[in-house]
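Every number in this text was worked out from the coordinates using simple rules, so none of it is lab data. Since the model is a prediction, treat every value here as computed from it, not as a measurement. Heads up, the Cβs are rebuilt from the backbone with ideal geometry, glycines too, and the neighbour counts pull from every protein chain shown.
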Amino acid sequence: MLSLEQAVAAPYCSSRLADAGARVIKVERAEGDFARFYDRSVGELSSYFVWLNRGKQSLVADIKQSQDAALLGAILEHADVFIQNLAPGAAARAGFDSEELRARHPRLITVDISGYGETGGYADMKAYDLLVQAESGLAMLTGHPAGPGRVGVSVCDIACGMSAHAAVLEALIERGRTGRGSGLKASLFDAIADWMNVPLLQFEGSGRAPERMGLAHPTICPYGAFTTADGARVLIAIQNEREWASFCAYFLDEPNLTLQLGFDSNVARVSNRTAVEARIAATFAQFTRHEVTTRLRAANTAFGLVNDIPALAQHPALRRIPVGTPSGPAQIVAPPVMTTSGLRHLGPIPAIGEHSELIRAEFSAKKDATSSPR
């Protein structure tokens, strides 16, 4: 596959295809994908780039130059998938309009990734992740009641890349049946708007948007974080009345609390949230983290520690996998899906233009072979 990609959304999609064994030729400018240098967490490379570009081949090319455009055209003669997330209209102006490409290569699957789609008043808007978090309403649901906040990772980019990856797999299945490729389009806004279905439907059904709750839940109580006697924060999640009864009996040591007005149903507890949470907080404050977690286990209550990043690095459930980089090996988080074939090997992170000479020679030879008389 050929990918005119930069930043996060398109590289996320193509990285998952590379993990599965696809040959991904990543086209970069001479200075490289700007995401290479967001930070210097892994030698001279950014954390984002190392995460999203394993197993790819890097080709430095300028799509505005006729010779390089011809090279990319030759690659597309043999490609299954073409991905691009350049600025709106840039790929088409350079001769890589997806519809025209599919007309020339009927089996090709094209993927155009944008910020807000290709039509409407927002089509030409620059769309970075935090901007889309704000535009979509996500930021207004995130953070403390005092004000909106950013989700701490690039969730709009990631949602779009995940959606595009799933769509490519569906298109490959369809091509296996029909023999024809597909044109796919995905945007950051559409991807995160899909994730916003629940608060949107809640607003349209009640006339009220969910409130920002920090580490609490707008429609379930108790569902939030409480502080132990030694300063740890532990988040509990009560999903039904059976769990609430067990929590009251074995953690709060108040089995009859479930019968008390304001504590007797989830709807009542949400309306009576201040009193419910104060009752729970008082019990948490009597015990250390170890004692709290022991009691929660005895009550069969779902809980999680509110960890920081250093704690994540030491988490017993965290799986890591090595990946090669130009600066040496790095340990990244292993892909989330495990298979019976075992841990998958991930290819290395390419240096800028590392495969340019090889790719140019390969496709020049293929072009010569195709054009030679027989």
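Using unit Cβ charges (K, R positive; D, E negative) and no other charged atoms, how large, in debye to the nearest 20, is the dipole of the stretch 223-305 about its Cα centre?
The calculated dipole for the stretch 223-305 is roughly 180 debye.
Using 0.36 nm per residue of separation minus the Cα-Cα distance, give me the extension gain between Thr219 and Val267 in nm, one decimal.
Stretched out fully, the Thr219 to Val267 stretch lengthens by 16.5 nm.
What trypsin sites (Lys or Arg not before Pro) does the stretch 50-89 have in DSSP loop regions with at most 14 other beta carbons within 10 Å?
The qualifying sites are Lys64.
Would you please give the residues with an amide H less than 5 Å from that of Gln6, counting only those at least 5 places away or on a separate chain, with H modeled from the backbone geometry?
Asn85
At 7 Å along the Cα-to-beta-carbon direction for both Ala134 and Leu172, put a label point, then send me their distance in nm to one decimal.
Placing both labels 7 Å along Cα→Cβ, they lie 3.8 nm apart.
Roughly how many Å is it from the Cα centre of the stretch 73-100 to that of the stretch 205-234, as a whole number?
46 Å
Let's test the formula: R0 of 45 Å, r as the Cβ-Cβ distance of Glu357 and Leu318. What FRET efficiency results, to the nearest 0.05?
Step by step, r from the Cβ atoms, then E = 0.70.
Run the quick spin-label model on Tyr250 and Tyr122: label points 7 Å from Cα toward the beta carbon, then report their separation in nm to one decimal.
With each label placed 7 Å out from Cα toward Cβ, I get 4.6 nm.
Of Tyr223, Asn272, Met338, which is farthest on the positive side of the dipole of the chain, counting Cα position, with +1 on Lys and Arg Cβ, -1 on Asp and Glu Cβ, and the Cα centre as origin?
Value computed over the given set: Met338.
Given contacts defined as C-alpha pairs under 8 Å and at least six residues apart, what's the relative contact order of the stretch 223-305, whole-number percent?
It rounds to 44 percent for the stretch 223-305.
Work through the residues other than Asn300 whose Cβ is under 14 Å from its Cβ and net out their charges, Lys, Arg +1 and Asp, Glu -1.
Cβ neighbours under 14 Å give a net charge of +1.
How do the peptides 186-192, 168-174 rank, highest first, by the average count of neighbouring beta carbon atoms within 10 Å per residue? If you can, show how the numbers build up before the last one.
Working: 186-192: 24.6, 168-174: 15.9.
The peptides rank, most packed first, as 186-192, 168-174.
Give a residue-ordered list of calculated ³J(HN,Hα) values for the stretch 38-43 (Karplus: 6.51 cos²θ - 1.76 cosθ + 1.60, θ = phi - 60°; whole Hz; x for Gly, Pro).
In residue order, the calculated couplings are 4, 8, 10, 6, 10, x Hz.
Using a 10 Å cut-off on Cβ atoms, rank the peptides 239-250, 328-339 from the highest mean neighbour count down.
Answer by packing, highest mean first, reads 239-250, 328-339.
Convert each backbone phi in the stretch 168-183 into a coupling constant with the Karplus relation 6.51 cos²θ - 1.76 cosθ + 1.60 (shift: θ = phi - 60°), then list the ³J(HN,Hα) values in order as whole Hz, x for Gly and Pro.
So the Karplus estimates, Gly and Pro as x, are 5, 4, 4, 5, 5, 5, 4, 5, x, 8, 9, x, 10, x, 9, x Hz.
Report, ordered by chain and residue number, the lysines lying within cross-link reach of Lys126, taken as a straight Cα distance under 23 Å and ignoring same-chain residues fewer than 8 apart.
Lys26, Lys64, Lys185
Could you list which residues have their amide H under 5 Å from that of Val42, counting only those 5 or more apart in sequence or on another chain, with H placed in the peptide plane?
Under 5 Å from the amide H of Val42 lie the amide H atoms of Ser47, each far enough along the sequence or on another chain.
Amide H to amide H, which residues 5 or more places from Ala302 or on other chains are under 5 Å from it, using H placed in the peptide plane?
It is Ala237, by chain and number.
Quick one: dipole size for the chain, taken about the Cα centre, charges +1 on Lys/Arg Cβ and -1 on Asp/Glu Cβ, in debye to the nearest 20.
Its charge dipole is roughly 660 debye.
Can you list the HN-Hα couplings for the stretch 208-223, worked out from phi with the Karplus curve (6.51, -1.76, 1.60; θ = phi - 60°), rounded to whole Hz and with x for Gly and Pro?
My calculation for the stretch 208-223 gives 10, 7, x, 8, 5, 10, x, 9, 10, 10, x, 10, 10, 8, x, 7 Hz in order.
Relative to the present Cα-Cα distance, how much length would full extension add between Ala70 and Met162 at 0.36 nm per residue of separation?
So the extension gain works out to 30.1 nm.
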